[in-house]
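Read the structure below first, then the notes.
Quick note: the coordinates plus some simple rules give every number you see, no bench work behind them. None of these values were measured; they are calculated from a predicted model. Quick reminder, even Gly has a Cβ in these numbers, built from the backbone with ideal geometry, and neighbours come from all protein chains shown.
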Amino acid sequence: MEEKAKILILGTYHFGLCGEHLMKIKGEDVTKNKRQLEIMKLVEALERFKPNKIAVELSKEKETEINEAYLMYCNGDPIENPVVDESSEVFQVAFRLGKMLNHKQVYPIDYSVGLPIEEMLGYAESNNKQFLNNFMSKVQVVGEQMNDIINNNEVIEVFRYLNSNEKFNNDHSNLYLSPVQIGAGDNYCGSKVLVEWYRRNIYL
C-alpha cells in the first residue's frame, strides 16, 4: 500500500505588510538582528520535519515571478521582484527553509475568494447593532492579545501559540462562527462569510 503523504500545516501571522484586514496586527520589525536569530531558531525546528515541498500563501497565478524571486534569494542576489516582500513570512520562513533544504522551488497555493465582510457589517449596522458591537469588540480583543503575544515573545513561542489547540478552538467558536448570527430571509450574508472562509481553506 502506498504510504500517505505527511503534511505539516503551519499557522502564521503576517510579518510584514498584509493589505486590509479587519484585525490590525503590528509586530516588531523582523529584519532586526534579534528577530532574525529567532526566525532562524524556528526554521531550524521546521527543518527537522524534512519537507520535500513547501507551499506558501501566495497566488498561484504569480508562480513564475515568485520562484524567480526564490532563486534570486537562493543565489544571494538582490530580489528585484516586488511580488515577495522581504519582511514577509514567505521570504523569512519559507524561502529560508527551502534554501536550507536545497529545494528548487516553492509552491504558491493561495485561492482568492470574495469574503462579503463589508456586506455583513453593513447588514448588522442596520439590523443588529448589538451583534455588531459584540463582534467588533471580540475582534479588537483578539487583535490586542495577538499584538501583545507577538511583541513580547520569541518568534518560535508565538508560532507555538498560534498552532495550539487552545488558539484554534477559541478563535473558531468565539470569532469565526459568529457571523452566522447575521442575515435572514433572502440575505444570509453572515453565513456567506463563513462559507467562503471555509471554501478557501478547503481549497488550500
- For K167, counting only aspartates and glutamates whose alpha-carbon sits under 19 Å away and dropping same-chain residues fewer than eight positions off, the answer is E144, D148, E154, E157
- Calculate one ³J(HN,Hα) per residue across segment 195-204 by plugging θ = phi - 60° into the Karplus curve 6.51 cos²θ - 1.76 cosθ + 1.60, and present them in order as whole Hz with x for glycine and proline. 4, 5, 5, 5, 4, 4, 5, 5, 4, 5
- Item | Where chymotrypsin sites (Phe, Trp or Tyr not before Pro) fall in DSSP loop in segment 60-117, at most 14 other Cβ within 10 Å | Y111
- Note on the structure: For the chain, the longest principal axis of the Cα atoms and the Cα long axis of helix 63-74 enclose an angle in degrees, to the nearest 10, of 50
- Item | Pair E3, S173: separation of 7 Å Cα→Cβ label points (nm) | 3.7
- Item | Cleavage-rule hits (trypsin sites (Lys or Arg not before Pro)) in segment 83-169: DSSP loop, at most 15 neighbouring Cβ within 10 angstrom | K104
- Item | Within segment 138-158: backbone nitrogen closer than 17 Å to the E166 label point (7 Å, Cα to C-beta) | 142-158
- Whole-Hz couplings from phi, Karplus 6.51/-1.76/1.60, listed for segment 114-124; x for Gly and Pro: x, 6, x, 4, 5, 4, 5, 5, x, 4, 5
- Message: Under the rule of at least 5 residues apart or a separate chain, name every residue whose amide H is placed under 5 Å from the amide H of Y107.
- Response: I54, A55, V56
- Computed, not fitted: 222 nm per-residue ellipticity of the chain from DSSP H runs ≥ 4 (each -39500 (n - 2.57)), nearest 500, equal to -14500 deg cm²/dmol
- How far is helix 129-151 tilted, in degrees, relative to the longest principal axis of the Cα atoms in the chain, given as a value from 0 to 90 rounded to the nearest 10? 20
- Task: State, as an integer percentage, the relative contact order of segment 33-110 based on alpha-carbon contacts under 8 Å between residues 6 or more apart.
- Result: 47
